[in-house]
Structure formats: structure tokens, C-alpha cells
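Below: the structure, in C-alpha cells.
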Amino acid sequence: MKVLAFAGFLGSGKTTIIKQCIDSMLKKGLKIAIVENEIGATSIDDKVLEEGGIEMTTLTGGCVCCSISGSLLTAATIIEKEIAPDWLIVELTGLAYMSGIRDLFKEHGDHFKLYSVSVVDIARWFKLLKISRPLLTDQVEGADVIIINKIDIAEPTQEQMEEISVISGGSPVIKACAQNNGAGLWDDISVLLEQKG
């Protein structure tokens with residue numbers, strides 16, 4: 001089963017982007033399941049998910065990558081066995097460290113194919129780096145795809161793009177406006193993930 005983990009600091013537009021990807025995936029006939037880590041102010045709308053025929057396991061109790069990491073693997077295993085989706089989407093809390101998820105799947109869930117997408121709020125990039133550099137760096141570092149979001153609010157500078165490229169190790173970048181990217185966003189992400197193998 002392919003697992004797609006989305007990271008992004010609180011308010012980055014991650015949930016909106018996930019909703020757009022889900023809509024596009026369903027239109028393409030893909031079967032998906034979602035594991036959601038509820039800690040942020042906004043979560044994926046259960047009604048939207050039910051209408052799309054999506055099964056969801058909501059995880060609570062803190063950051064997926066630490067206190068409930070065992071539950072994440074348990075949920076993934078059950079979902080694989082009972083639902084057998086094409087993709088399992090994991091929405092990480094905005095305070096999650098992506099390295100924890102990677103380590104977890106590498107050590108205990110290596111039969112899953114894990115991909116990671118990091119959503120960057122470009123309008124607040126420098127401000128957020130000042131207050132939480134270790135977390136942002138971890139979320140971006142080594143992500144399979146970086147989504148530079150909120151370009152309708154602030155166009156990324158050359159300095160920002162270079163810094164993100166260095167932190168991510170040169171991962172491919174998609175510029176987006178979560179409010180109106182629509183179906184094309186999943187197409188762009190899936191092409192880049194296919195190239196990753």
C-alpha cells in the first residue's frame with residue numbers, strides 16, 4: 001500500500017491542499033483512506049469524506065510521530081487489510097516532525113511505500129523560521145515534494161527558494177495557491193512521486 005504523509009506548519013494550507021488532492025483522486029477512480037491526526041484548529045470535513053466513500057481513522061492524543069506512532073502503524077495495517085486502498089493519506093499535525101514518521105515506517109512498517117509532501121507557507125516562511133527553525137527544517141528536509149503555498153499572498157523570493165532547496169536536498173517544488181489550484185495539484189504531485197519510484 002502506498003502511504004502519502006502531508007506535513008506543514010499550522011496555518012500552511014495543508015488541509016485545503018489535501019482536500020483538493022482527495023477530490024482529484026476520487027475523480028480518477030482511486031480508492032483512498034485517511035488517517036488524520038487531530039490537533040490543529042481545522043480538520044478534514046467528515047461530511048466531505050463520507051460523500052466520497054472514504055474510510056477515516058481519527059487519531060488523537062498528540063503528535064503522530066511520537067506518542068501515538070504505534071497507533072499509526074496499527075491503523076495503517078488494519079486499513080491495508082480491510083479497505084485495501086490505492087493510497088493511504090496521513091495528515092500530520094502542524095507540529096509533527098516528518099523524520100519521526102520516516103523512521104517509524106522504516107523501522108516497523110517497511111512493507112509500506114511511504115512518500116512525503118511538505119506544505120510551506122511562503123507568506124510566513126522567514127517569520128516561522130525565526131520561531132521554530134528545527135521543526136520547519138525537519139518538515140521540509142528530504143520531502144519527496146515541496147508545495148510552496150500562498151503564492152497569491154507572497155511570491156517566493158530567490159533567497160527563499162534557494163533556502164528551501166538546500167534544506168530539502170533539492171526536492172522538486174510546486175508553487176500553489178491552495179484556494180484555487182484544483183484538480184491540477186494532484187496531477188503535478190503524482191507525476192513527481194512516480195519519478196521518485
Dipole magnitude (debye, nearest 20) for the range 114-197, charges at Cβ of Lys, Arg, Asp, Glu: 300 debye
Rounded FRET efficiency, nearest 0.05, which uses the C-beta distance separating Ile83 from Thr157 and R0 of 41 Å: 0.45
Hits among lysines - C-alpha to C-alpha of Lys130 under 24 Å, sequence gap 8 or more where chains match: Lys14, Lys150, Lys175
Long-range HN-HN contacts of Tyr97 with modeled amide H, under 5 Å: Cys65
Amide H within-cut-off set for Ile89, under 5 Å, with H built and near neighbours excluded: Leu4, Ala33, Ile34, Val35
For peptides 3-15, 76-88, sequence by mean Cβ density within 10 Å, most packed first: 3-15, 76-88
Euclidean distance of C-alpha centroids, the range 134-181 and the range 78-97, integer Å: 23 Å
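No value in this document is a laboratory result; all are computed from the given coordinates. What you see is a predicted model, and the numbers here were worked out from it, not measured in a lab. As a convention, Cβ positions derive from the backbone with ideal geometry for all residues, glycine included, and neighbour counts pool all protein chains shown.
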